[in-house]
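J.: My questions will all concern the structure given below.
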Amino acid sequence: MSHNKYDVCVIGLGYVGLTLATVLSEVGLRVLGVEKRQSVVEMTANGRPHFSEAGLQEALSRVTSANRLVAVTELPEGLDCGIFIITVGTPLNSDGVARLDMIEAASGQVARYMADDALVILRSTVKIGTARNVVSPILRQSGKRFAVAMCPERTLEGRALQELRELPQIVGADDQATRDRASSLFRQLTSSVVQVSSLEAAEVIKLVDNTFRDVQFAFANEVARLCDAFGISAHEVISLGKLGYKRTNVPLPGLVGGPCLEKDPHILRESAQSRGIELEITRASRLVNERQPAETVSFISSKAKARGIADDAKIAILGMAFKGVPATDDLRGSMSSKVLHEIARERPKAAIYLYDPVVSREELAAHFPNCEVSQSLQDAVRDAAVVIIANNHPALAAVSPRGLAALMSANGFIYDYWNHFSSLTSEEKGSSYLAVGTSGVGEQH
């Protein structure tokens, strides 16, 4: 076998690329992973993932030591590979528009090294029309024959390896031959492949998936605002209102962020605006979810004033990753960061302590240099005047509200964005516990 012969080349070894490359290697394919960050290539070559993901450490270690997954910083000369998968990021720029420079660079690399009749699969989350209007023209400039498919990534961080083998895989292309080629690759991972009739249909499916979730969560947060204003428990209204009643399935309120939900509704809106359409519900949902940190921190701050908490008192924020279930160490798009920013703005003299059950202390310290990083939940909470529970990791509910209050300063209080303790009675919660959608309960009756 030629040294440079691979079944698949995956361009970009972030969350999407590395998990996909690992699972493709696990089913027996020889995979070349390309990543411009040298540190990521070195970690991958040593079988060490550069982020936390259930089962990835063991799987990556197996496939790299068996030489089925090889990581490099750029495609090699004399490459023999028939399938290229582009999985690079499309973060929003400062104007809120999805960046295309990484997609363009990856397409340029593929165009240079692919042979005739290569299959190029775009997996990144992109504006509608990117596969046709950005990727294809760059490939076309090579003068070679090629086929393009759009197969969006839809896995949940923390469950990626499992979902790559279980979830239906969307395959979009303009002709049946290309759809069949891409389908035969993904059928090696999952028994369920769903073909759609165009590149654009596949691009839209991914954007609609995440925007739908964003809209649902925004409505839950709107219900929480309403319940706060009337002194009713949103948790009770939502969870008991849908019990045994299948037509209503409102999610529970909480912070809405992360690398997808923060970004994809904006990409969908941008796509629509290019055809003169404004997506009003999508826009309003983002407004509700993006406004929540400032709105809730304003409430937290007024509560602190009312309780006579000093300006320089200790504040602990628990859970800095964008979510806790399934667990991840991903700080991208984390609304906990936005909460921290608002707290620092409202109470600039406060001593802010951070704790996360998954993110390493070194990474937290590097990411948030103006804060103290605590070794344990108890250390973070000890002597704090305000404790903010900012993600839904189960470890953050390991100590009861009364147990937390016992560690805190005498006039302190807890604000829980995730209603971790909703099943407890008000007696068990104590008077120092407040949560999203229940913070007005008992105060305005």
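The values are calculated or read from the model by the stated rules, or taken from the named source; none is laboratory data. Bear in mind the structure is a predicted one, so any value in this text is a computation, not a measurement. When we count neighbours, we look across all protein chains shown, and the Cβ atoms used for this are built from the backbone with ideal geometry, even at glycine. The area values use the complete protein model at the heavy-atom level, side chains included, leaving out ligands, DNA and RNA. Shrake-Rupley method; radii C 1.70, N 1.55, O 1.52, S 1.80 Å.
J.: Once R0 is set to 60 Å, what does the formula 1/(1 + (r/R0)^6) return for the Cβ-Cβ distance between SER302 and SER197, expressed as a FRET efficiency to the nearest 0.05?
T.: My answer for the efficiency is 0.65.
J.: Let me ask you something else. Of the options SER336, VAL194, HIS3, report the single residue whose Cα projects farthest towards the positive end of the charge dipole of the chain (beta-carbon charges: Lys, Arg +1; Asp, Glu -1).
T.: VAL194
J.: Can you tell me how the stretch 1-114 classifies by the Cα gyration tensor, rounded, prolate or oblate, using a/c under 1.5 as the rounded cut?
T.: oblate
J.: For the chain, what does the accessible surface come to per residue with a 1.4 Å probe? Please give it in Å².
T.: Value returned for the chain: 44 Å² of accessible area per residue.
J.: Something else: Measure off, as a whole percent, the carbon and sulfur share of the 1.4 Å-probe accessible area of the stretch 336-424, all protein chains present.
T.: Heavy-atom surface of the stretch 336-424 belonging to carbon and sulfur, 1.4 Å probe: 49 percent.
J.: OK, next. Springs between alpha-carbon pairs under 10 angstrom, Gaussian network model over the chain: which of LEU13, LEU287, LEU354 fluctuates most?
T.: LEU287
J.: Within the stretch 209-252, what whole-number % of the accessible surface is contributed by carbon and sulfur, with the 1.4 Å probe and all protein chains included in the calculation?
T.: Its accessible area is 63 percent carbon and sulfur atoms.
J.: Roughly speaking, what is the stretch gain from HIS3 to ALA395, that is 0.36 nm per residue apart minus the C-alpha to C-alpha distance, in nm to one decimal?
T.: On the way: separation 392, 0.36 × 392 = 141.12 nm, distance 4.68 nm.
Separation in residues times 0.36 nm, less the Cα-Cα distance, equals 136.4 nm.
J.: Mean-square fluctuation check for the chain, GNM, Cα pairs under 10 Å: which of ILE238, ILE86, ILE128 is largest?
T.: ILE238
J.: Please enumerate, by chain and number, the aspartates and glutamates with C-alpha under 15 Å from the C-alpha of LYS323, excluding those fewer than 8 residues away in the same chain.
T.: Partners within reach: GLU53, GLU157, ASP214, GLU262, ASP356, ASP416.
J.: Provide, in order from the shortest bin, the percent of all Cα-Cα pairs of the stretch 61-193 in each 10 Å bin, continuing until the bin that contains the maximum pair distance.
T.: For the stretch 61-193, the binned pair fractions read 11, 38, 39, 12, 0 percent.
J.: PRE reach from GLN273 (point 7 Å along Cα→Cβ): which of the stretch 208-237 fall under 18 Å by backbone N?
T.: 208, 211
J.: When the convex hull of the Cα atoms of the stretch 214-435 is projected onto a plane and the area is averaged over all directions, what value comes out in nm²?
T.: Value for the stretch 214-435: 13.1 nm².
J.: For ASN370 and LYS242, calculate 0.36 nm times their separation in residues minus their Cα-Cα distance, and state this gained length in nm to one decimal.
T.: 41.8 nm
J.: Listed highest first by mean packing, meaning other Cβ atoms within 10 Å per residue, what order do 319-327, 211-219, 425-433, 98-106 come in?
T.: With the highest mean Cβ count within 10 Å placed first, the list reads 319-327, 211-219, 98-106, 425-433.
J.: Looking at the P(r) of the chain, how many percent of alpha-carbon pairs lie beyond 28 Å?
T.: 54 percent
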